[in-house]
Amino acid sequence: MSVENMDIEELYVVVDSNKPNLNDKTSKTLKRPGLDSQTVTNGIEKYHPQAFKESRTGFVYDIRMRYHGNLHEGEYHPEDPSRISGIAKILETYNCTERLVRIPAREATKEEVCLVHSVKHWNEVDKTAGMKFDQLVETGDQYNSVYLNNDSAFCARLACGGVIELCKAVMQGTVTNGFANVRPPGHHAEPEEAMGFCLFNNVAVTAKCLREYHNVNKILILDWDIHHGNGTQKAFYSDPNIVYCSIHRYENGEFYPGSEQANYTFFGSGEAKGKTINIPWPRAGMYDSDYIYAFDKVVMPIADEFSPDIVIVSAGFDAAEGDPIGENHVSPIAFGHMTHRLKSIANGRLVLALEGGYNIDSISRSALACVKVLLGEAPERLPPIKPSKDCMETVHNVLRVQSRYWKSLAPEHVEIAEDTITKQDCAIIDIDFSSNPGDNQSRHDLNELLLYVWDNMILHTAARHVFLLGAGIGCSSFTNLITEREPMILDRVGGVIMVPSEIEVPKVGRGTNLIDWYYEHSCIFVPEDHPYWEKKQKSKVFGRCKLPVGNMGVAPVPEILDQCHQEIFRYVYTILAEKLSYENSKPTSSSTFVILQAKHGNPFVA
Ligand code: X5A
Ligand code: ZN
C-alpha cells in the first residue's frame, strides 16, 4: 500500500459521528436476558420458590476420601489427602462449618459414571481395588500422571457421588448453593481414561446426571483450575445444552495437559459452536486483575446470555498465589469475587467442586473466601483492575472468536467495527463530542467513551498501527486512555497527535517507560501564545510539543486543525511509511491502521 498516494477523502470511514449514549451501551452489555420460555416450560421453575427465601449453603466432605493416597511411602505427591482436611480445618477455625448444611457423600453408581465414561474405563478403575502393589503401580503408570491404591476407586466414586448429591440438593432447593470438598479431582478424566490425578470426571458426570435424571436443561461449567479440563471439554464438545468455559495456563500448548485443544480456537462443534470457551493464558504469572478482566469481558456476559439453570465450578485452587504448579498469583479475595459474580447467574444456584490446588495454605484460604461468599458475606474490596497486556490480548482473541456466537460479546458498535475496519487497510473513527472545556461530567463521559471504543472496537481489529488524534478537550481523554491502557497502547499505537488549542496541554500518568514512550511517539501542536511556553520546566509528561508551522496563535479548534492538517498527515505518513516498509520485508505483516480522532467543535474539514 502506498500511503503517499492515498487521497485523504478515502481515508474517511466515519463510524460514529454523534455522541453515543453511554447509558444505552451499559444497558446493552449488562442486560439480563431473563427466563426464556424453555426454562419456564421444562419444569425447572418448581425448583426455586424464589423471593426472599433464606439462603443456605451445602457442604460435602467425607473423610474417607482421604484414603486415596500415594503408595510409595515417604514419597511426596502434590495430590495429597491433606488437601481436603486442610480445607475442612480452616472452615472449622473460622466458624463456617456450623453455618453450612452438611450433604452426605455417597458412591456414584456405575450407571451414573457411565453417562460420561465407557464401561471399559469403569471396569479398569473398579479392578484396582483388588490389585497387589506391583499391579497398582503398573496400572497407574499406564495412565498419564495417575497414582492408585486399593481405595482409589472407592474414593473416586465418593467424590463423584458427593458432587452429584450437592447439585441435586441445589436443584431441589434444599440448599441454595454449596461447596464440594472432594478428591480425587476430576476434570482431566476423559471418557476412556484416567489422567492428571483424576479417575472419574466428577463435574462432567454430575452435569450429565442432572440432565438425564433431574430434568435440568442448561448447565454452565466454569473451570478456573490452572489446568485445562480436557476431560470436561471432550465430554461436552458437541453438546449445546452445556457450556464449558475454562481459564487456564496454556503457554502455547506447553503446559499440562499439553494439547492444542485448550486454545481459544477450539470453541465447540456442530450445534454446540460457541459452547466451549477457552481462555488460554500464554504464560505463568497472572494476577487477580487478569482473572477479573476475563470474568467481566467474557465469562459473565456469556453466563448471563446463556442463562443456565445451574452453575458448576471446577474449582481448582492451583491458580492461587503460592501454588507450586500453577505459578499464578490469584488471591483469596479474587476467588471470592469470582464466586460472588457467579451467584448472580441461575438464581444463585451455584456449586463449587474442588479440583486441583497443591499449596495447602493457599487452597485453604481460597476455599474459605469462596465459602464465605457462598454463605452470603461480601467479598473484600479489590484494588482497581489493571489487566496485563498478555491478558488483554488473550481476552480479545477469545472475544474475536466467540462474538460470532454470543450477542452479548458483539454489541452493535463492534459489528460496525468488524465490517468497516477489519475488511480494509485503514479506517478513521471520528468522534465529535460537543461540550464545554470546564465541564467535568462531559470530560468523564468522553474518557469512558474512548476506553469503550479502544476496548470494543480497536482491540477487535487486526490494526497494528493506531493513531490517536485529539483536539480540544479530546486531548486529555487521550492521555487518560494512554495511562489506563498502557501495555496495549505501547504495542499498537503508532503516534499521538494533539491539538489542544486553548486547552491546557494534558499529561500522561506515571512510569518512566510510559513517559519516554509518549515523548517519542507524540506530536503536540501548541500555539506560540499558549501559556505552556511560559512554563519553566518542560517535562516529557507533556509529550513532544511544537509550534505549528505558520503559527497564528491560539484560535478555535477547527481553525487550528485546518492550519495543522498538512503537518498532521505528513507526520502519520512518515511513521506509517517507515513501519510498513519494515513490515513488508517480513511475511507476516498487517498493514491495517486506524486513526481515532476525538475533538469538540465542528467536524474536521480536511
Ligand atoms: C487436577 C489437576 C494436575 C495434573 C498435573 C500433572 N491435575 N503433571 O490439577
Ligand atoms: Zn489443576
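The values are calculated or read from the model by the stated rules, or taken from the named source; none is laboratory data. Predicted model, so just to flag it, every value in this text is computed and none were measured. Note that each Cβ is placed from the backbone with ideal geometry, even for glycine, and that neighbours are counted across all protein chains shown.
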Have a look at SER238, SER269, SER259 and point out the one that is within 16 Å of ligand 2 (Cβ to nearest atom), on the phi < 0 side of the Ramachandran plot and not hydrophobic (A, V, I, L, M, F, W, C). SER259
Hey, any hits in the range 241-253 for a residue that's farther than 22 Å from LYS208 by Cα, assigned to a loop (DSSP other than H, G, I, E, B) and away from ligand 2 (no atom under 16 Å from the Cβ)? no
For the range 189-203: of the residues being within 11 Å of ligand 1 (Cβ to nearest atom) and part of a strand (DSSP E or B), which is farthest from VAL313 (Cα to Cα)? MET195
The number of residues in the range 494-510 that are among the hydrophobic types (A, V, I, L, M, F, W, C) and over 10 Å from SER522 (Cα atoms) is 4
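Just need a number here: residues in the range 345-363 that are within 16 Å of ligand 1 (Cβ to nearest atom) and more than 14 Å from THR57 (Cα to Cα). Can you show your working first?
Restricting attention to the range 345-363, the residues satisfying the condition of being within 16 Å of ligand 1 (Cβ to nearest atom) are 352-360, 362-363.
Now narrow it down to the ones that are more than 14 Å from THR57 (Cα to Cα): 354-360, 362-363.
Of the residues in the range 345-363, 9 are within 16 Å of ligand 1 (Cβ to nearest atom) and more than 14 Å from THR57 (Cα to Cα).
Results for (1) closer than 22 Å to ARG341 by Cβ; (2) away from ligand 2 (no atom under 16 Å from the Cβ), shown as yes or no for each residue.
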site: ASN144; (1), (2): no, no
site: ARG183; (1), (2): no, no
site: PRO191; (1), (2): no, yes
site: GLY196; (1), (2): no, no
site: LEU199; (1), (2): no, no
site: ASN215; (1), (2): no, yes
site: ILE219; (1), (2): yes, yes
Would you mind stating whether LEU354 is under 28 Å from CYS198 (Cα atoms), among the aliphatic types (A, V, I, L, M), more than 16 Å from ligand 2 (Cβ to nearest atom) and buried (at least 17 other Cβ atoms within 10 Å of the Cβ)? no
Tally of residues being more than 16 Å from ligand 2 (Cβ to nearest atom) and either within 22 Å of the chain's Cα centre (by Cα) or closer than 22 Å to ILE221 by Cβ (or both) across the range 357-369: 1
Residue check for GLU107: more than 16 Å from ligand 1 (Cβ to nearest atom), modelled with pLDDT of 95 or more and part of a helix (DSSP H, G or I): no
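Of all residues in the range 278-291, how many are crowded, with 24+ Cβ neighbours inside 10 Å and not in a helix (DSSP H, G or I)? Steps first, answer last, please.
At the first step, the residues of the range 278-291 found to be crowded, with 24+ Cβ neighbours inside 10 Å are 278-279, 286, 290-291.
Imposing the further condition that a residue be not in a helix (DSSP H, G or I) reduces the set to 278-279, 286.
Number satisfying all stated conditions: 3.
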Tell me which of these GLY229 doesn't satisfy, since it passes every other one: (1) within 16 Å of ligand 2 (Cβ to nearest atom); (2) in contact with a Lys or Arg (Cβ under 6 Å, 6 or more places away or on another chain). (2)
Lone unmet requirement of (1) more than 27 Å from ARG365 (Cβ to Cβ); (2) surrounded by fewer than 24 Cβ atoms within 10 Å (Cβ to Cβ); (3) of a type in the set (Gly, Ala, Ser) for ALA169: (1)
In the range 527-570, which residues are in a loop (DSSP other than H, G, I, E, B), out of contact with any Leu (no Cβ under 9 Å at 6 or more places or on another chain), more than 16 Å from PRO506 (Cβ to Cβ) and at pLDDT 85 or above? ASP529, LEU547
First in the range 179-204 and more than 20 Å from ARG64 (Cα to Cα), second anywhere and away from ligand 1 (no atom under 12 Å from the Cβ) and among the aliphatic types (A, V, I, L, M), Cβ under 7 Å, 6 or more apart: PRO191/VAL116; PRO191/ALA235; ALA194/VAL125; ALA204/VAL116; ALA204/ALA235
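Of everything in the range 302-344 that's among the aromatic types (Phe, Trp, Tyr) and under 21 Å from TYR61 (Cβ atoms), which residue is farthest from the chain's Cα centre (by Cα)?
At the first step, the residues of the range 302-344 found to be among the aromatic types (Phe, Trp, Tyr) are 306, 317, 335.
Going one step further and asking which of them are under 21 Å from TYR61 (Cβ atoms), we end up with 317, 335.
Working: PHE317: 17, PHE335: 13 Å.
Per the criteria, the residue is PHE317.
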Residue in the range 68-88 that is surrounded by the fewest Cβ atoms within 10 Å (Cβ to Cβ), counting only those that are touching a residue at least 60 places away in the same chain (Cβ under 8 Å) and in contact with a helix residue (DSSP H, G or I) (Cβ under 7 Å, 6 or more places away or on another chain): SER82
Go through the residues of the range 230-243 one by one and say whether even a single one is within 12 Å of ligand 1 (Cβ to nearest atom), closer than 17 Å to SER145 by Cβ, of a type in the set (Lys, Arg) and at pLDDT 95 or above. no
Going by the structure shown, is PHE179 in a loop (DSSP other than H, G, I, E, B), among the hydrophobic types (A, V, I, L, M, F, W, C) and crowded, with 24+ Cβ neighbours inside 10 Å? no
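When you go through ALA315, ALA320, ALA334 one by one, which is the residue that is in contact with a Leu (Cβ under 8 Å, 6 or more places away or on another chain), of a type in the set (A, V, I, L, M) and either closer than 19 Å to ASP80 by Cα or surrounded by fewer than 24 Cβ atoms within 10 Å (Cβ to Cβ) (or both)?
Values: ALA320 fails: in contact with a Leu (Cβ under 8 Å, 6 or more places away or on another chain); ALA334 fails: either closer than 19 Å to ASP80 by Cα or surrounded by fewer than 24 Cβ atoms within 10 Å (Cβ to Cβ) (or both).
Checking each option against the conditions leaves just ALA315.
Identify all residues within the range 318-365 that are part of a loop (DSSP other than H, G, I, E, B) and charged (D, E, K, R); write none if there are none. Talk me through it step by step, then tell me what you get.
Here is the first cut: in the range 318-365, the residues part of a loop (DSSP other than H, G, I, E, B) are 318-319, 321-328, 331, 343-345, 349, 355-359.
Hits for the range 318-365 are ASP318, GLU321, ASP323, GLU327, LYS343, ARG349, GLU355.
For the range 313-325, check the following and say yes or no: at least one residue is of a type in the set (A, V, I, L, M, F, W, C) and more than 16 Å from ligand 1 (Cβ to nearest atom). Explain how you work it out, then say what you get.
In the first step, residues of the range 313-325 are kept if they are of a type in the set (A, V, I, L, M, F, W, C); the result is 313, 315, 317, 319-320, 325.
Within this subset, residues satisfying the condition of being more than 16 Å from ligand 1 (Cβ to nearest atom) are none.
Checked the range 313-325: no residue is of a type in the set (A, V, I, L, M, F, W, C) and more than 16 Å from ligand 1 (Cβ to nearest atom).
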Filter the range 128-144 down to residues that are free of Cβ contacts under 8 Å to residues at least 40 places away in the same chain and part of a loop (DSSP other than H, G, I, E, B) and give me whichever is farthest from GLU73 (Cα to Cα). MET131
The range 316-341 residues that are within 16 Å of ligand 2 (Cβ to nearest atom), paired with ones that are assigned to a loop (DSSP other than H, G, I, E, B) and among the polar types (S, T, N, Q) (beta carbon under 7 Å, 6 or more apart): ALA319/ASN328; ALA320/ASN359; GLU321/SER331; GLY322/ASN359; ASP323/ASN359; PRO324/ASN359
Scan the range 501-542 residue by residue and report those that are surrounded by fewer than 15 Cβ atoms within 10 Å (Cβ to Cβ), over 16 Å from GLY470 (Cβ atoms) and of a type in the set (D, E, K, R). ARG510, ASP516, GLU520, GLU528, ASP529, GLU534, LYS535, LYS536, LYS538
Could you go through the range 148-158 and let me know if any residue there is within 16 Å of VAL60 (Cα to Cα) and within 16 Å of ligand 2 (Cβ to nearest atom). no
For the condition out of contact with any strand residue (DSSP E or B) (no Cβ under 9 Å at 6 or more places or on another chain), modelled with pLDDT of 90 or more and closer than 21 Å to CYS523 by Cβ, what is the one hit in THR479, THR483? THR483
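Would you check if there is a residue in the range 63-81 being touching a Leu at 6+ places or on another chain (Cβ under 7 Å) and modelled with pLDDT under 95?
Within the range 63-81, the subset touching a Leu at 6+ places or on another chain (Cβ under 7 Å) is 64-65, 71.
Of the ones still in play, those that are also modelled with pLDDT under 95 are 71.
Scanning the range 63-81, I find at least one residue that is touching a Leu at 6+ places or on another chain (Cβ under 7 Å) and modelled with pLDDT under 95, so the answer is yes.
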